[in-house]
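Undergrad: Take this structure first; my questions come after.
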Amino acid sequence: MNSTPIQIELISDFNLQTLANYLENSESMPAMSAKVAPFGQVVPTLLQEHEGAKNVFAVVWTSPSSVVPTFSDALQSQPVNETVILSEVRLFAQHIVTAKNRFRSLLVCAWTLPRWQRGLGLLDLQKPSGLRNLLLKMNLELISALQDVAGVYVVNPQDWIEAAGKNAHSPKSWYLSKTPYSAEVLKQAAFEIKAALRTVLGDARKLIVVDLDDTMWGGVVGDVGWENLRLGGHDHIGEAFLDFQRALKTLRNRGILLAIASKNDESVALQALGQHPEMMLRPEDFAGRRINWKDKAGNIVEIAAELRLGLQSVVFIDDNPVERARVRESLPEVLVPDWPNDKTLAASTLLQMDCFDTAQITSEDQARADMYTAEQKRDVLKTEMPTVEHWLRSLQTKVTVEALNPSNQARVAQLFNKTNQMNLTTRRMSEIELVQWAGHDDRRVLAFRVADRFGDSGLTGILTLDFNGSDASIADFILSCRVMGRQVEEAMLAVAVECARRAGAEKLLAEFIPTAKNKPCHEFWMRSGFDRDDAGYRFTWQVAREYSRPSSVELMVPANGQHYQSLRVKEAAREVEPTAAS
Amino acid sequence: MNSIPQIPSYDDVLPVVYKALDELNQQRARNQRLQASPDCVIFGDGGNLNSLELSNFIVLMEQLVQEKFGAEIDLTENDPFSPESGHMRTAATLAAHISNLVREQA
């Protein structure tokens with residue numbers, strides 16, 4: 001991760017300087033530079049107008065009575081009108097929406113009450129006039145008002161408060177320094193805020209490589225046989241292993257890939273996975289596996305390469321500290337968590353890891369594990385076909401091109417910020433920045449969905465164009481590694497050339513910006529057929545010449561919201577023009 | 001379980017003061033962290049804690065004493081910041097003061 005400090009502004013009606021100190025001085029990443037807005041000035045700070053803060057993150061942490069004035073009356077047991085309270089919540093949410101244009105992302109804390117504030121006691125949650133009853137409704141209203149606002153995330157400080165224990169709320173801190181929480185809460189808040197920013201910055205892990213014996217089940221399968229493994233049954237350790245498998249399955253359902261690295265005879269291990277009646281994870285749940293007697297670090301490198309993932313996407317879980325140390329030492333990019341000796345802690349240890357969090361959940365994420373299963377089938381087919389051309393034709397690839405729109409912009413932004421290998425310029429933009437960039441008449445953002453006979457890979461390509469007189473420039477050329485090498489790249493260029501021609505451009509230009517990771521993109525451009533300069537970084541196409549769509553790819557556009565129609569390149573380019581799209 | 005002394009001596013309290021300093025150091029830049037020693041200056045000549053850090057330190061110290069010795073104390077009383085006799089001058093003066101406070105309560 002970049003070591004340049006991330007700037008963050010803390011906006012609150014109480015003193016958050018201690019939180020700022022923790023954010024700046026904790027050694028966990030990202031490094032941060034924190035500024036505390038004048039406390040007690042929440043709304044004026046949110047509504048402030050100034051330019052140039054787009055790279056700054058913000059945390060908005062308020063007490064409910066400061067931004068929802070009528071809640072103060074409820075605190076004093078005065079009758080309140082719930083409708084008025086909820087309208088004040090919506091007004092506060094509107095201030096957040098206004099402020100989001102100034103910040104890259106905002107974390108908005110839900111409201112909490114200190115434990116000593118008992119309200120109506122036994123009836124506090126149940127009665128409409130109870131403080132907790134009102135607070136629940138206020139939080140739901142806030143979440144509802146902000147749930148579709150790009151770049152705004154409502155977070156729950158109750159988790160930080162619980163982690164700090166019984167001294168979480170400190171009246172003494174309030175009277176001495178206008179901080180209602182103990183330092184322990186603020187330390188926990190700093191930890192969670194950093195985790196949230198790592199998520200927003202797109203550093204989520206995507207693959208868990210897991211050991212088998214004494215990690216996925218109890219016992220050594222090669223010694224005791226699959227019938228005698230400790231898994232499920234009326235045995236607390238067996239139940240704990242089953243819960244760990246269930247936790248892995250939960251992450252798989254969220255789109256995290258699973259793979260096996262185990263020192264075993266493969267046939268013996270697969271028999272256990274396939275035949276044990278209580279096995280939660282079956283062989284088809286794993287996107288890759290290396291079950292052999294080789295070094296696990298080498299096996300992990302092979303699995304990651306096979307799945308086209310960088311090692312920074314990998315988590316390795318193994319009960320054996322020697323294996324963990326070996327992988328940590330040889331593959332420092334791989335996250336290797338300390339693993340509990342107590343097997344009953346395995347599931348909770350996995351589920352509390354924040355490295356799998358993502359800033360958006362898209363349908364592509366949820367289907368990712370199935371997509372990789374389809375990819376394995378494609379690879380099998382590739383080995384069976386006489387030539388690559390035969391294989392490409394047999395895939396029956398369909399590429400759908402669509403303009404940037406509210407329904408796809410979250411996924412486009414996500415792909416924009418996490419694609420490394422097939423990425424022309426590796427430009428990063430938040431969803432808000434992307435929409436703003438695309439808002440100019442002389443710019444276009446096109447998204448590409450890819451499907452074939454084995455499945456739907458979803459929205460996996462982005463092409464952005466910048467028109468300037470007789471020149472058109474490809475500002476971004478991005479393709480997920482999941483669909484690289486299936487001639488989708490060439491289909492995207494065919495669309496780019498046609499869009500440039502329709503815009504009246506004479507030349508289509510592209511400038512490659514090298515990074516440590518985008519060599520595959522450069523290799524594609526070098527064989528793309530575009531003219532190139534001596535350095536091989538600037539590419540040009542004379543638009544008068546058509547760029548042929550590869551015959552193995554069928555090009556489509558969405559029509560009538562539901563149906564798809566097959567088109568030629570010229571028709572596709574026309575269909576995604578702003579006038580046609582609207 | 002650790003045995004909890006009914007009346008902690010100076011030597012019992014000093015490690016608790018160090019623990020609070022250690023916690024406080026996590027809020028400070030690496031090159032500004034306080035060294036755990038009896039003559040570590042908390043307030044006064046040679047000290048560099050700001051008012052917020054002092055507040056945090058007092059609250060933390062009181063919580064730790066409650067947890068460790070079961071005693072509820074108030075470190076803001078008895079002229080804590082007096083240059084001559086204030087108990088917040090150093091780790092040693094603070095440990096001695098806390099030991100006395102708990103003894104008085106017992």
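The values are calculated or read from the model by the stated rules, or taken from the named source; none is laboratory data. Everything numeric in this text was worked out from a predicted model, so none of it was measured. FYI the Cβ positions are ideal-geometry reconstructions off the backbone, even for glycines, and counts take in every protein chain you see.
Undergrad: Would you call B:Leu54 part of a helix (DSSP H, G or I), over 18 Å from B:Leu14 (Cβ atoms) and either without any contact (Cβ under 8 Å) to a residue 12 or more places away in the chain or under 15 Å from the mean Cα position of the chain (by Cα) (or both)?
TA: When the stated conditions are applied, B:Leu54 passes them.
Undergrad: Among the residues of the stretch B:52-86, which ones are crowded, with 18+ Cβ neighbours inside 10 Å, farther than 17 Å from A:Ser177 by Cβ and facing chain A (nearest Cβ under 9 Å)?
TA: Across the stretch B:52-86, there are no qualifying residues.
Undergrad: Only one of A:Ala150, A:Ala189 is in contact (Cβ under 8 Å) with a residue 24 or more places away in the chain, small (Gly, Ala, Ser) and assigned to a loop (DSSP other than H, G, I, E, B). Can you tell me which?
TA: Values: A:Ala189 fails: assigned to a loop (DSSP other than H, G, I, E, B).
Step by step, each of A:Ala150, A:Ala189 is checked, and only A:Ala150 is in contact (Cβ under 8 Å) with a residue 24 or more places away in the chain, small (Gly, Ala, Ser) and assigned to a loop (DSSP other than H, G, I, E, B).
Undergrad: Now for a different question. Looking at the structure I just gave you, is A:Ser72 among the hydroxyl-bearing types (Ser, Thr, Tyr) and surrounded by fewer than 20 Cβ atoms within 10 Å (Cβ to Cβ)?
TA: Values: among the hydroxyl-bearing types (Ser, Thr, Tyr): yes; surrounded by fewer than 20 Cβ atoms within 10 Å (Cβ to Cβ): yes.
So A:Ser72 passes the test.
Undergrad: Can you tell me which residues in the stretch A:148-168 are buried (at least 18 other Cβ atoms within 10 Å of the Cβ), within 30 Å of B:Met61 (Cβ to Cβ) and either within 14 Å of another protein chain (Cβ to nearest Cβ) or of a type outside the set (Val, Ile, Thr) (or both)?
TA: Once the filter is applied, which keeps residues that are buried (at least 18 other Cβ atoms within 10 Å of the Cβ), within 30 Å of B:Met61 (Cβ to Cβ) and either within 14 Å of another protein chain (Cβ to nearest Cβ) or of a type outside the set (Val, Ile, Thr) (or both), the stretch A:148-168 yields A:Pro157, A:Trp160, A:Ala164, A:Asn167, A:Ala168.
Undergrad: Test of understanding: among A:Val84, A:Val97, A:Val80, A:Val68, which residue is under 27 Å from the mean Cα position of the chain (by Cα) and hydrophobic (A, V, I, L, M, F, W, C)?
TA: Exactly one residue qualifies, and that residue is A:Val97.
Undergrad: Would you please name the residue that is farthest from A:Gln312 (Cα to Cα), looking only at residues in the stretch A:169-226 that are basic (Lys, Arg) and either more than 14 Å from chain B (Cβ to nearest Cβ) or surrounded by 24 or more Cβ atoms within 10 Å (Cβ to Cβ) (or both)?
TA: Of all residues in the stretch A:169-226, those basic (Lys, Arg) come to A:172, A:178, A:187, A:194, A:198, A:205-206.
From the residues that got through so far, the ones that are either more than 14 Å from chain B (Cβ to nearest Cβ) or surrounded by 24 or more Cβ atoms within 10 Å (Cβ to Cβ) (or both) too are A:198, A:205-206.
Values: A:Arg198: 13, A:Arg205: 7, A:Lys206: 9 Å.
Here the residue is A:Arg198.
Undergrad: While we're here: Tell me whether the stretch A:129-140 contains one or more residues that are modelled with pLDDT under 90, away from chain B (no Cβ under 14 Å) and either more than 28 Å from the chain's Cα centre (by Cα) or not in a strand (DSSP E or B) (or both). Let's see the steps before the verdict.
TA: Narrowing the stretch A:129-140 to residues modelled with pLDDT under 90: A:129.
If we keep only those that are away from chain B (no Cβ under 14 Å) too, we end up with A:129.
Imposing the further condition that a residue be either more than 28 Å from the chain's Cα centre (by Cα) or not in a strand (DSSP E or B) (or both) reduces the set to A:129.
Yes, there is a match, as at least one residue in the stretch A:129-140 is modelled with pLDDT under 90, away from chain B (no Cβ under 14 Å) and either more than 28 Å from the chain's Cα centre (by Cα) or not in a strand (DSSP E or B) (or both).
Undergrad: Please specify each residue of the stretch A:126-147 satisfying the condition of being under 20 Å from A:Gln78 (Cβ atoms), of a type in the set (A, V, I, L, M) and surrounded by 15 or more Cβ atoms within 10 Å (Cβ to Cβ).
TA: Residues satisfying the conditions are A:Leu131, A:Leu134, A:Leu135, A:Met138.
Undergrad: Here's a follow-up. For A:Arg368, all conditions in the list (1) surrounded by 15 or more Cβ atoms within 10 Å (Cβ to Cβ); (2) closer than 24 Å to A:Gln245 by Cα; (3) at pLDDT 80 or above; (4) of a type in the set (Lys, Arg) hold save one; what is the number of the exception?
TA: Answer for A:Arg368: the failing condition is (3).
Undergrad: Next question. For the stretch A:1-119, which strands (runs of 3 or more DSSP E) that fit wholly inside it have 2 or more residues that are under 21 Å from A:Lys187 (Cβ atoms), of a type outside the set (D, E, K, R) and more than 14 Å from chain B (Cβ to nearest Cβ)? If you could, list the steps in order and put the result at the bottom.
TA: Numbers: elements: A:6-12, A:32-36, A:57-61, A:105-109.
So the answer is A:6-12, A:57-61, A:105-109.
Undergrad: Moving to a separate point now. Among residues belonging to the stretch A:192-242 that are outside any helix (DSSP H, G or I) and without any contact (Cβ under 8 Å) to a residue 24 or more places away in the chain, point out the one that is farthest from the chain's Cα centre (by Cα).
TA: By that ranking, first place goes to A:Gly225.
Undergrad: Among residues belonging to the stretch B:29-40 that are touching a residue at least 24 places away in the same chain (Cβ under 8 Å) and surrounded by fewer than 17 Cβ atoms within 10 Å (Cβ to Cβ), point out the one that is nearest to the other protein chains (Cβ to nearest Cβ).
TA: B:Ala36
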